[in-house]
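Please read the structure below before turning to the comments.
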Amino acid sequence: MHLKYWTRRAVFAATGAVLALGQLGSAPAEAQTPPGVLVVGQIAEPKALDPAAVTAVNDFRILMNVYDGLVRYKSGTLEVEPALATGWEISEDGTVYTFDLRDGVKFHDGSDFDADAVVFNFERMLNEDHPFHDTGPFPLAFFFSAVDSVEAVDAQTVKFTLNEPYAPFLSNLAYPTGLIVSPDAVAQHGADFGRNPVGTGPFHFVEWRSNEAVVVEKNADYWDGAPALEAVIFRPITDANTRVAEMLAGGIDLMVEVPPVALSEFQSDAYNVVEQAGPHVWFLILNAKEGPFADKLVRQAANYAVDKAALVNDVLEGTAAVAAGPTPPAFAWAYNDALEPYPHDPGKARALLAEAGVESPEVTFYVTEGGSGMLDPVAMGTAIQADLQEVGFDVSIETYEWNTFLGEVNPGLEGKADMAEMAWMTNDPDTLPYLTLRTDAWPDKGGFNSGYYSNPEVDALLEKARVATSQEERADLYKKMQVIVQDDAPWVFVANWKQNAVTSDAVENFQLEPSFFLLLDDVVKN
């Protein structure tokens, strides 16, 4: 039977599978998809499939299977290894990176991958005068702000010149923002390229049916060896309970971000539960520009009020640890293990509110229904609301679908909300604080500091850390930053999560990565 028939059929498997679940109780139904076709239950509809234009891990999980970067993370680590580049040299002063490119690689549209294609990709993001800069916006172009120029030395050699040493440069190239897109496809589709993605990766794009499925198929000519799977179908299933039901019924083969309360459902030989630690922080953005959280004492009061241990143990069923600050402990070399999390101390919270002269402060709290790394956001938001109200806050919740939520939060909370849930999974200790805690990362300056936190000392430490060539020096600077940020409390620091996924027993060779990406080129579906 033709593959495209099967991929379309698999999208509609859910109805029959869920009916089967009702008939069979908790027993798994017979798989609704054929061998070689993997159906992935995603947490939300993707925003776009242009790697330079998106920020969410939900989107990255698709993109990493369609595109390649010059470099990538070595499996099971956050160490960088060659990909579309076979190797590189770094100048003695750390400002020039010269990459040797893999020969003979083609984009899925048949056009050549070469140095000119690399130059096109980075100039599209970084050069406002580039003819296709208007195909953005490019929210993570911050990653490459140190790039002064990109030059094609010859067809197989490309040179990046930085305006100063930049320690996270290689790691950022391995991140999805560094994935290489087809210049011909961008020229053809313009602003619609995000709906018509073309890369060099192990799978090529077939179709995107909104709120239904993104379908990719095997790239038989993939430079790193053809994948075992014939096709992958990414289905957006925003409700976690529905994802669980479909996984139990056989409507999907792989489910990411399993709700902690549902893990026990998959403790049988019919499923494989996979876990992997990674650099994740779940926090509450506090509006430090206006409203009650403009006062540091009130921000600290919120940190004492929220019972983070109860959230971790009761809501998240022990699948996370209480966070102490803005840097996740997965970055062991940069993590300040001398920091202790804010304890749950309602009395201290009330005392701080009294010291601030604030009585029953009104708080508008943005909560999402689900999203990348958001764990159990509605239950967590409700518990947080109760904790804050116990000490005197007057909290009203507004709940949004994930992409709508990002559209409300990322442009900044000014004039809209006092507090918002957020989670980040990052690739380097520089990434999260640089994009979300610097003064120059306020939303009106192109960053993600949606709460408008500002501390010149933190700004200076972060700027110095990203140009330091010694890891020991970088670590010292990041540890100092964490102490200041924890005291300033621009966020309520809640949890560091251990990611999870579940597959059916028909799926082999699947593993989760510390990067939180889904890499499916070695996966087998029987």
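When both segment 61-116 and segment 413-444 are represented by their alpha-carbon centers, they are found 28 Å apart.
Working note: Karplus 6.51/-1.76/1.60 with θ = phi - 60° gives segment 202-213 the couplings x, 10, 10, 5, 10, 6, 10, 9, 3, 6, 10, 5 Hz, where Gly and Pro are set to x.
With the whole protein complex present, Thr382 retains an accessible surface near 70 Å², based on a 1.4 Å probe.
If you add up the charges near Phe510, with Lys and Arg at +1 and Asp and Glu at -1, over every other residue whose beta carbon is less than 10 angstrom from its beta carbon, what do you get?
So the environment of Phe510 carries a net charge of -2.
Ignoring ligands, DNA and RNA, what percent of the 1.4 Å accessible area of the chain is carbon and sulfur? Within the chain, the accessible surface is 46 percent carbon and sulfur. Summarising the amide proton neighbourhood of Gly201: residues at separation of 5 or more, or on other chains, whose placed amide H is nearer than 5 Å comprise Tyr67, Asp68.
Annotation: amide H of His280 within the under-5 Å range of Ala330, Trp497, sequence separation 5 or more or interchain, hydrogens built in the peptide plane.
Taking the charge dipole of segment 435-488 about its Cα centre, with +1 at Lys and Arg Cβ atoms and -1 at Asp and Glu Cβ atoms, the residue from Val483, Ser470, Tyr453 reaching farthest to the positive side is Ser470.
Taking every DSSP beta bridge that has both ends in the chain, the antiparallel portion is near 75%. If you bin all the Cα-Cα distances of segment 167-306 at 5 Å, starting from zero, the percentages per bin are 2, 7, 10, 11, 13, 14, 14, 12, 8, 6, 3, 0.
Where a ≥ b ≥ c are the square roots of the eigenvalues of the C-alpha gyration tensor, would you call segment 451-502 rounded, which needs a/c under 1.5, or, failing that, prolate if a/b is larger than b/c, or oblate? In terms of gyration-tensor shape, oblate. For segment 304-345, the residues whose amide N sits under 15 Å from a probe point set 7 Å from the Cα of Glu390 along the beta carbon direction are 304-315, 343-345. Scanning residues 5 or more positions from Lys106 or on other chains, those with amide H under 5 Å from its amide H are Phe113, with H placed 1.01 Å from N in the peptide plane.
Over its Cα atoms, what ratio of radius of gyration to 2.2 N^0.38 Å does segment 438-526 give?
It is 1.59.
Fully extending the segment from Val206 to Trp333, taken as 0.36 nm per residue of separation minus the present Cα-Cα distance, adds 41.5 nm.
The relative contact order of the chain, computed from alpha carbon pairs under 8 Å that lie at least 6 residues apart in sequence, is 21 percent. Summing charges over neighbours of Asp307, with a neighbour being any other residue whose Cβ is under 14 Å away from its Cβ, gives -2 when K and R count +1 and D and E count -1.
Under 19 Å from a label point 7 Å along Cα→Cβ of Asp221: give me every residue in segment 54-89 with its amide N that close. Within reach of a label on Asp221: 66-69, 84-85. When Arg195, Arg438, Arg209 are compared by accessible area at a 1.4 angstrom probe, the order from most to least is Arg195, Arg209, Arg438. For percent of Cα pairs over 38 Å apart, the value calculated from this model appears in (1) 35; (2) 28; (3) 41 under label (2). Taking packing as the residue-averaged number of other Cβ atoms within 10 angstrom, the listed peptides 351-364, 410-423, 264-277, 170-183 run from highest to lowest as 170-183, 410-423, 351-364, 264-277. Other residues lying with their Cβ under 15 Å from the Cβ of Tyr335 contribute a combined charge of -3, Lys and Arg counting +1, Asp and Glu -1. Against the criterion of solvent-accessible heavy-atom surface with a 1.4 angstrom probe, Trp88, Trp282, Trp442 sort, most first, into Trp88, Trp442, Trp282.
How large is the accessible surface per residue of the chain, computed with a 1.4 Å probe and reported in Å² as a whole number?
Value returned for the chain: 37 Å² of accessible area per residue.
3J(HN,Hα) couplings calculated from phi for segment 371-388 with the Karplus curve 6.51 cos²θ - 1.76 cosθ + 1.60 (θ = phi - 60°) are, in sequence order, x, 4, x, 7, 6, 10, x, 6, 5, 5, x, 5, 5, 5, 4, 5, 4, 5 Hz; Gly and Pro show x.
The values are calculated or read from the model by the stated rules, or taken from the named source; none is laboratory data. Owing to the predicted nature of the structure, the values given are computational and were not obtained by experimental measurement. Ideal geometry is used to build each Cβ from the backbone, glycine not excepted, and the neighbour counts take in all protein chains shown. Note: accessible area is taken over every heavy atom of the protein model, side chains too, but ligands, DNA and RNA are not part of it. Shrake-Rupley method; radii C 1.70, N 1.55, O 1.52, S 1.80 Å.
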